[in-house]
């Protein structure tokens, strides 16, 4: 059993090591509109051919949060500059309910929250101008307050200025 797991791990690692992706930019900064926070400032940095990290910080209606994500990109051959990606994020935030009942936490007032999310998305980097557009979607699982059910979806539309 251990040999089979080790063999599978080696095969997957080798498969990813032979795949080459061009990164259309090194770093990008911009604005992300979405849920749970209405407006986020976002910073994304490509670490290599396919891996990237992203930091989002923002505020929404009765909320403020920050999240840190890691993602893996896959090129789409046509059109040039189009990539899809998979990622995971950890977040921390504060939500103020103003006396309304929250179905997951049960709190009637403000509460502190942490969570993790997995997501997939699509991004396009324009070849002639320093602009990157992205859309992603995925469930979020709260850790504090704990719940075994996702409490909302991570959804966002992002526009970034790119630096080569």
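Read-outs throughout are calculated quantities, based only on the coordinates presented, and are distinct from any laboratory measurement. These numbers come from a predicted model, not from an experiment. FYI the Cβ positions are ideal-geometry reconstructions off the backbone, even for glycines, and counts take in every protein chain you see.
Below are the figures for this structure:
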item	result
Packing-based ranking, highest mean first, of 154-160, 121-127 given that Cβ atoms within 10 Å are counted	154-160, 121-127
Point-to-point label distance, residue 76-residue 122, nm (Cα→Cβ direction, 7 Å offset)	0.4
For a label point 7 Å along the Cα-to-beta-carbon line of residue 161, residues of the stretch 31-70 with backbone N under 13 Å	31, 42
At R0 = 25 Å, FRET efficiency that the Cβ-Cβ distance of residue 68 and residue 39 yields, to 0.05	0.90
Prolate/oblate/rounded call for the stretch 39-93, Cα gyration tensor, a/c under 1.5 rounded	prolate
